[in-house]
Amino acid sequence: MLKREHKVSNISSEAIFAIPAMKPSRVIVAVIFCLFLMLTDIKYGSGAYLRSLSYDLIKPVTLLTRIPGNLMEISTTFFSSRQTLDEKVEILEQENLRLEAINKSLEKLSIDFNKLNSLWSSASIDKDRFLISKKNFLSSNEYQPLLVLDINQGQNITINDAVLSEQGLVGRINNLGFLSAEVMLVQDVRSSIPIVSGESSLHASLSGMGLGRKGELKFIKKTARFLEGEKIYTSGLGEVFPEGLLVGEVVSISDPVDSEFLKIEVSFSSTPINRDYFLIHAK
């Protein structure tokens, strides 16, 4: 039994490694053909022609094999460029929406920026330190009106920061919370503002007389030459308000017989009534 298995194994090995013998006539023909090609190439340079011919025959096949790769590269470049273009379009659309939102916000603020620039040009203030704040509440107390503004925690706002509109000075920050700020208005009877007149350049103190009422310049001697219609600005004395903020306009000057002082009334240029947004000048 073992001998039979060994014999089968030998037969299988011979079958695997057996190489069919080539006929002598075919070998001779192949050798002669190779010699012919060599001699022809040496004498006439036909080898280069044959190589060139083979290249020409193979070139279309090579080009055909490259078509799928080229198409893949073109499609990849196209879709990549299209994706980049779509991303740029999306970014531009988002930027456009952001600008539209800003424009709508500015329209909602009802702030006349031409007037604001005019106000800034006459005042000693840093235009980059203004914050826009929305009105939260305005009390109905006539003599001590309270304006409350919404603020964001972390904003650089301090007590006595000036509050104004594009029309002029509104008041000053009187109390601070995390999300709100109380404003003492220029009309408040507790308010006293160092002012200077625009034309006569006279200094005085402007006192509030209540919301909806005119303010008064206190303790002005009868020798003073204030003019009706002249503008009144903050003088900067006391270092509470920046110098040059518009406060109001002299509307009447009278000479009471029972007083040694003139009675000068000032119409405030700005009021918190019917206004939703204000500017805070952060020091």
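Being free of Cβ contacts under 8 Å to residues at least 24 places away in the same chain and within 20 Å of GLY215 (Cβ to Cβ) is the filter here, so list the residues in segment 158-183 that pass it.
The answer is ASN174, and nothing else.
Those residues that are part of a loop (DSSP other than H, G, I, E, B), polar (S, T, N, Q) and closer than 30 Å to ILE280 by Cβ, I need them from segment 207-263; list them, please. Even if it seems obvious, please write down each step before you answer.
Initial filter on segment 207-263 (part of a loop (DSSP other than H, G, I, E, B)): 208-214, 222-230, 235-245, 255-260.
Right, trim to polar (S, T, N, Q) and you get 223, 235, 259.
The answer is SER235, and nothing else.
Determine if segment 240-247 includes at least one residue that is at pLDDT 95 or above and within 20 Å of GLU142 (Cα to Cα).
Of the residues in segment 240-247, the ones at pLDDT 95 or above are 247.
Those still in the list that are within 20 Å of GLU142 (Cα to Cα) too: 247.
Yes, there is a match, as at least one residue in segment 240-247 is at pLDDT 95 or above and within 20 Å of GLU142 (Cα to Cα).
Restricting segment 91-109 to residues that are of a type outside the set (A, V, I, L, M) and over 12 Å from the mean Cα position of the chain (by Cα), which is modelled with the highest pLDDT? Give the derivation first.
To start, the set of residues in segment 91-109 that are of a type outside the set (A, V, I, L, M) comprises 93-96, 98, 100, 103-105, 107-108.
Next, from what is left, pick out any that are over 12 Å from the mean Cα position of the chain (by Cα): 93, 100, 103-105, 107-108.
Details: GLU93: 80, GLU100: 74, ASN103: 67, LYS104: 64, SER105: 60, GLU107: 61, LYS108: 55.
For segment 91-109, the residue satisfying everything is GLU93.
Can you name the residue in segment 250-282 that is charged (D, E, K, R) and crowded, with 17+ Cβ neighbours inside 10 Å and, of all such residues, is nearest to the chain's Cα centre (by Cα)? Give the derivation first.
Start the filter on segment 250-282 by keeping residues that are charged (D, E, K, R), which leaves 255, 258, 260, 263, 265, 275-276.
Add one more test, that the residue is crowded, with 17+ Cβ neighbours inside 10 Å, and what stays is 265, 275.
Values: GLU265: 45, ARG275: 27 Å.
Ranking the qualifying residues of segment 250-282, first place goes to ARG275.
Determine the pairs where a residue that is in the same structural domain as VAL163 (by TED's automatic domain parsing) and of a type in the set (A, V, I, L, M), located within segment 121-138, has a partner that is modelled with pLDDT under 70 and loosely packed, with under 12 Cβ neighbours inside 10 Å with Cβ atoms under 9 Å apart, the partner being 6 or more residues away or on another chain.
ILE132/SER105
Given the options VAL163, VAL183, name the one that is at pLDDT 95 or above and over 24 Å from the mean Cα position of the chain (by Cα).
VAL183
Taking segment 142-158 as the region of interest, how many residues are within 29 Å of the chain's Cα centre (by Cα) and aliphatic (A, V, I, L, M)?
Number satisfying all stated conditions: 4.
The values are calculated or read from the model by the stated rules, or taken from the named source; none is laboratory data. Every value quoted in this text rests on a predicted model; they were computed, and no experiment measured them. Ideal geometry is used to build each Cβ from the backbone, glycine not excepted, and the neighbour counts take in all protein chains shown.
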